[in-house]
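Only one structure is covered here, and it is reproduced in the block below.
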Amino acid sequence: MDWKEVLRRRLATPNTRPNKKKSEQELKDEEMDLFTKYYSEWKGGRKNTNEFYKTIPRFYYRLPAEDEVLLQKLREESRAVFLQRKSRELLDNEELQAIFHSKSLC
């Protein structure tokens, strides 16, 4: 079913409950239900022909919003741990000097 046809039918049918107004939450719920229904139909029509796409790992994660405090803290902490781990992998000055002097003796 084409989305144009759905829209035409929706506009052509009279409103069954003209006196009873829906709350905003009911409207959002109905909109979400319709969206998921039509999205799943659309996505179902376009099945992945290649199974390889299911094994590709996710490489991008969106940045947490300002109101997601816990996710921001988690991101900060994981970044700090990552940077600490990388800094431990670096050579310190004494190790660099030892390498430099051993290379100059050869």
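What follows is calculated from the coordinates using simple rules that are stated; it is not laboratory data. Because the structure is a prediction, the values reported are computed rather than measured. So basically every Cβ, Gly included, is an ideal-geometry build from the backbone, and we count neighbours across all protein chains shown.
Below are the figures for this structure:
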item	result
For region 66-105: rounded, prolate or oblate by the Cα gyration tensor [a/c cutoff 1.5]	prolate
Chain lengthening between Leu90 and Arg9 when straightened (0.36 nm per residue, less Cα-Cα)	22.5 nm
Over the chain: helical MRE at 222 nm, DSSP H runs n ≥ 4 each giving -39500 (n - 2.57), nearest 500	-21000 deg cm²/dmol
Listed residue (Ala65, Leu83, Asn93) projecting farthest to the positive dipole end of the chain, Cβ model	Ala65
